[in-house]
Amino acid sequence: MTEDLAVEASAPPAPRTAPGRTARLAHALDEAQRRALPIARPSDDRPLDLDAAYEVQRALVSLRTARGERVVGVKLGFTSREKARQMGVDDVIIGSLTDAMRVVDGDAVPAGRGIHPRVEPEIAFLLGPGIADPDSEASAAIAAVAPALEVIDSRYRDFRFDLGDVIADDASASAFAIGPWRAADAAATLANRAVALELGGRQAQVGSTA
């Protein structure tokens, strides 16, 4: 998407974060992830608003793609209304998933990968080419669905952060595994399906796709 350019000469708007701070935070988060060493959260110094936080996230993802990683999908945060209320937000947040984060279904995640990783069961959606009719339901863009596991790992000390912090940290994205894809019509059955998470052969948590 492009924006119309103003013909009139004028001073450019001030960026949400100073370019130096954006780059510094992105490099610090990148190093924290690569070395598995936690860092202080940006809000301890000065909070990031949403625009500034996404600027840092884009710079962070650019460092990864510059090393040859490919963005292969996105992750959503705060899709639970209850969690969103706890954080005082009224919309989901977005992070990027790269091919370096993918774990083949059935493989193991190395124990030393991450700072304080946590695993969560998810539903993955494979999107088709798009929606031609703007009045169509969003579900029309879904080509297939699959069970998935996501490993989240905040790069901040003590797993503590505010909204701007976690957005800057690519929504805590760390690793993911995707199970077998099922036809798109399976999406209609996801309104309230049981989800069970087992660790070491024992049931750890149960939930619902609702």
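The values are calculated or read from the model by the stated rules, or taken from the named source; none is laboratory data. This structure is a prediction, so every number in the text was calculated from the model and none was measured. In this analysis, Cβ positions are derived from the backbone assuming ideal geometry, glycine residues included, and neighbour counts consider all displayed protein chains. The accessibility values were calculated without ligands, DNA or RNA, using every heavy atom of the protein model including side chains. Shrake-Rupley method; radii C 1.70, N 1.55, O 1.52, S 1.80 Å.
For the condition under 23 Å from Val103 (Cβ atoms) and either in a strand (DSSP E or B) or basic (Lys, Arg) (or both), Gly207 qualifies.
Is it fair to say Gly114 is part of a loop (DSSP other than H, G, I, E, B), touching a strand residue (DSSP E or B) at 6+ places or on another chain (Cβ under 7 Å) and in contact (Cβ under 8 Å) with a residue 12 or more places away in the chain? Criteria met by Gly114. Check whether at least one residue in the range 184-202 is under 22 Å from Glu69 (Cβ atoms), among the small types (Gly, Ala, Ser) and either in contact (Cβ under 8 Å) with a residue 40 or more places away in the chain or open to solvent by less than 70 Å² (accessible area, probe 1.4 Å) (or both), and report yes or no. Within the range 184-202, none of the residues are under 22 Å from Glu69 (Cβ atoms), among the small types (Gly, Ala, Ser) and either in contact (Cβ under 8 Å) with a residue 40 or more places away in the chain or open to solvent by less than 70 Å² (accessible area, probe 1.4 Å) (or both).
Taken together, Ala28, Ala14, Ala18, Ala66 contain a single residue that is loosely packed, with under 13 Cβ neighbours inside 10 Å, farther than 25 Å from Leu126 by Cα and at pLDDT 95 or above, which is Ala66.
Residues in the range 99-155 that are in the same structural domain as Ala194 (by the TED database) and exposed (fewer than 10 other Cβ atoms within 10 Å of the Cβ) were compared, and the one that is nearest to Ser80 (Cα to Cα) is Ala138. Taking the criterion of being closer than 16 Å to Glu55 by Cα, in contact (Cβ under 8 Å) with a residue 24 or more places away in the chain, touching a Gly at 6+ places or on another chain (Cβ under 6 Å) and not polar (S, T, N, Q), would at least one residue in the range 139-147 satisfy it? No, every residue in the range 139-147 fails to be closer than 16 Å to Glu55 by Cα, in contact (Cβ under 8 Å) with a residue 24 or more places away in the chain, touching a Gly at 6+ places or on another chain (Cβ under 6 Å) and not polar (S, T, N, Q). Restricting the first member to the range 36-57 and to residues that are free of Cβ contacts under 8 Å to residues at least 60 places away in the same chain, and the second to residues that are part of a helix (DSSP H, G or I) and open to solvent by less than 40 Å² (accessible area, probe 1.4 Å), the beta-carbon pairs closer than 8 Å and six or more apart or on different chains are Glu55/Thr22.
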